[in-house]
Amino acid sequence: MSSSFDLSKPIAIGSDHAGFDYKVELIKWLNQKGLQVQDMGVYENKSVDYPDYAHPVATSVEKSESAFGILLCGTGNGVCMTANKHQNIRAAMCWESDVAKLVRQHNDANIICLPARFIALEFAKSLIEIFIETGFEGGRHARRVDKIACA
Ligand code: RB5
């Protein structure tokens with residue numbers, strides 16, 4: 001699999017209860033592809049608060065301890081809002097193939113956020129594949145990305 005991410009590092013993944021079943025399946029699938037995954041919870045299907053799992057994934061990506069991040073919750077929005085509070089995190093909601101591609105090409109997204117209650121598991125896998133395989137275009141997009149951070 002070709003990628004501009006450093007896949008010698010693990011992929012950080014986290015979810016709340018709404019994303020738990022998909023997370024289990026995605027970890028198996030990523031491992032079958034030969035990719036290392038660091039599971040940051042939740043570790044059982046019980047009702048939890050999504051920020052408790054989104055923050056560790058964002059911190060891992062922020063510190064370059066992981067290649068990139070995958071976050072799941074019911075709508076994808078709770079984990080996305082949480083992750084984007086971290087400096088240098090560009091967490092992107094993905095629900096369409098072209099969106100998964102464009103958030104890499106134009107926004108250099110480093111966390112993919114998936115709405116587990118609104119997309120099929122196989123489609124989630126295809127979005128992750130697109131996210132991994134698409135590179136940042138740089139140029140005018142780099143100038144815009146450089147303006148995202150608050151001082
Ligand atoms: C949990 O019921 C749900 O609120 C959560 O998974 C997520 O959709 C929040 O953004």
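Roll a 1.4 Å probe over the protein chains and send me the accessible area per residue for segment 1-61 in Å².
Result: 49 Å² of accessible area for each residue.
Can you send over the solvent-accessible area of Y43, 1.4 Å probe, protein chains only, in Å² to the nearest 10?
Using a 1.4 Å probe on the heavy atoms, I get roughly 150 Å².
Please sort by residue number the GluC sites (Glu not before Pro) in segment 59-132 whose DSSP state is loop and whose Cβ has at most 15 other Cβ atoms within 10 Å.
Listed in order of number, the matching sites are E65, E96.
Of T59, T82, which has the most accessible area with a 1.4 Å probe, and how do the rest follow in descending order?
T59, T82
Lys and Arg at +1, Asp and Glu at -1: add these up for the other residues within a Cβ distance under 11 Å of V103 and post the number.
Result for the local shell: 0.
If you find the alpha carbon centre of segment 31-64 and of segment 74-98, how far apart are they in angstrom?
13 Å
Can you bin segment 33-118 into rounded, prolate or oblate? Criterion: square roots of the alpha carbon gyration tensor eigenvalues sorted a ≥ b ≥ c, rounded for a/c under 1.5, prolate for a/b above b/c, oblate for the rest.
rounded
If you average over every viewing direction, what projected area does the convex hull of the Cα atoms of the chain give, in nm²?
The orientation-averaged projected area of the Cα hull of the chain comes to 8.1 nm².
Taking the 0 to 90 degree range and rounding to the nearest ten, how far is the long axis of helix 121-133 tilted relative to the main principal axis of the chain, both from C-alpha atoms?
30 degrees
Heavy atoms only, probe 1.4 Å: what % of the accessible area of the chain goes to carbon and sulfur, would you let me know?
48 percent
Multiply the residue separation of K85 and N31 by 0.36 nm, subtract the distance between their alpha-carbon atoms, and state the gained length in nm to one decimal.
My answer for the length gained is 16.5 nm.
May I ask you to derive the FRET efficiency for V24 and W95 from their Cβ-Cβ distance with R0 = 22 Å, giving the value to the nearest 0.05?
The computed FRET efficiency comes out at 0.60.
How would K46, K23 rank on accessible area, largest to smallest, probe 1.4 Å?
K46, K23
Using a Förster distance of 30 Å, how high is the FRET efficiency between F118 and S8, based on the Cβ-Cβ distance and rounded to 0.05?
Once rounded, the FRET efficiency stands at 0.35.
With all protein chains present and a 1.4 Å probe, how do K147, K9 order by accessible area, largest first?
Correct descending sequence by accessible area is K147, K9.
Helix 51-62 against the longest principal axis of the chain: what's the angle in degrees, Cα atoms only, rounded to the nearest 10?
40 degrees
The values are calculated or read from the model by the stated rules, or taken from the named source; none is laboratory data. Given the structure is predicted, the values throughout are model-derived calculations rather than measurements. Heads up, the Cβs are rebuilt from the backbone with ideal geometry, glycines too, and the neighbour counts pull from every protein chain shown. Ligands, DNA and RNA are stripped out before the accessible areas are found, and what is left, the full protein with its side chains, is counted by its heavy atoms. Shrake-Rupley method; radii C 1.70, N 1.55, O 1.52, S 1.80 Å.
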